Structures are given as C-alpha cells and as structure tokens.
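Only the coordinates and a few stated rules stand behind these numbers; no lab work does. Small disclaimer: the values here were computed from a predicted structure and weren't measured. Cβ coordinates were reconstructed from backbone atoms using ideal geometry, including for glycine residues, and neighbour counts include every protein chain displayed.
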Amino acid sequence: MATRRKLTTIFCADVEGYGKSMARNEEATLANLDKCREAMRNLFAHHSGREINTWGDAVIAEFDSVVEAVRCAVAVQDAVESIDGDGSPLQFRIGINLGDVIDDGKSVYGDGVNQAARLEAACEPGHVLVSDTVHSLVNRQLTLRFEQRNDIPTKDGEDVLSGYTVRRDRTNAPVEAPDLNRKSQLAYTARKASDVDQWLARQPRSVQVAGGFVVFFFLINLLFGGLSTPWFIFPAAPFVLFIIWARQKLDKNADDLEE
C-alpha cells in the first residue's frame, strides 16, 4: 500500500511501573490493562480519534483535532483512575504532539511520532504532557492549567524538546470569572458597590440619583441572573451618559472659575 504524508495529532500512552505490576500480579494487571484500553477506545471514538497501535502496555492513537486530543487525554486520565479491578489502579503517562508523519494505512511513522513518545516518557504518572505547538493551539480553548517543562531529557542527535504539563486541579480562568461561587461573587460585588457609594456621596444630587439607578439595575441583574447575561447595561446606559455629561459640565465650570 502506498504511503502518504499528513499533519496529525499523535497521542502516546503507557503504564508507569508496568513491569513491577506484572511481577506482583500478572492476571490482575492484565485485567486492569484490558479495562483501561476498552475505556480508551470508547473515549477515542467519542473524541473522533483512531487507535493506531498497541504493544505491551503502550497505546498510540491519532486525532484530526488538537483540542479533541487533549480533551480525550484528560478524560482518559479521569477514567483510568477509577479502574482498579482486582489490583491497584494503573497510572498512565500520556504525551501529545502535532507533527508531520508518514501514514501507510495501518500505522504512522516519523519524527512527529517520536516526539510524542519522548513527551510520554518524560510525563509525570497520571498526567498529560503536550508539546509547545499543541499548547499554543489549545491553551485558549480549554479551561485547564498548563505548567511549562524545559527539563525533558534528550539523547545525542535529538533536538531539544520542551512542553507543558496539563494540570486538572484548577482552570486558567481569571479570579473574577464565573468559576467563583455565587457567595464569593456577591461578596466581591458588595465591596465594589461600597466604593461606588463613597464616590457618589461626593457628587451633586443629580449625579447621585443617576448613579443610584445604575447600581440598582446592576444589583438586580446580579441577584436574578448573574453576570453571564449583563442586560443591566441597556437600561443603565442613559444614566451613565448623563453622569458623563454632568461631570464634564462640572469640570468645565471648575476650569472657568480658576481662569
């Protein structure tokens, strides 16, 4: 069969301490490995991936989408953690790389695959290690935390390789983002509202009234719908424009008096 070159996302995984697990209990380890591989195949199909090869405890798959490959890898780690069967849970290392490979219809070959394998070998057990290229394409698409790795071992003749460890313990979202619970969000908003109240107290009566309406609409929006749909902007807009106009007028009067 003729070969062809293509750009694809390579997923490499193997088991940490597989030899020791086999030495302790071969049957339980193999049973757990079969369950983990079945879970992986189901997740590959769900994320539009394709299992390419397996040997020993290793698995190689490919994905058309870099984002789906990382999503699948995280889902795999979540799934295998709960599989213990008759022995201890197996911990997988997963490396993901986007690269140009040779496809012969049965498997893929080339430096793109080799780099994914190097990332997998350097990965911490139970985690995912992605290449710099993969990170650049997914870090704004996924709510995961990434830690840079510049200590990936190299052999003579190999290019220097760096990457990012995917952490599943928290997200990249800003502190004030919607991952805050409602109680924390309300407390934060209350502090900001207090600052606004102090500013309004120093303003003329007309500005205070307009500002009061803006705060009122904002609080109603927050209490009944959160800030995912900020509808308060529309009814508050005329009052904000009035405040800006009033402040400009006051500043102009103050400049005239100084002159």
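Taking the simple approach of a point 7 Å from Cα along Cα-to-Cβ for both L30 and F224, what is their distance in nm?
Using points 7 Å along Cα→Cβ, the separation is 6.6 nm.
V209 to N53: extension gain in nm, 0.36 nm per residue of separation minus the Cα-Cα distance?
Computed gain between V209 and N53 is 49.2 nm.
Ranking L90, L137 by Cβ neighbours within 10 Å, fewest first, what do you get?
Fewest to most other Cβ atoms nearby, the residues stand as L137, L90.
Check G126: other-chain or 5+ apart residues with amide H under 5 Å from its amide H, H built from backbone geometry?
Residues meeting the criterion, in which the H sits 1.01 Å from N, are F92, R93.
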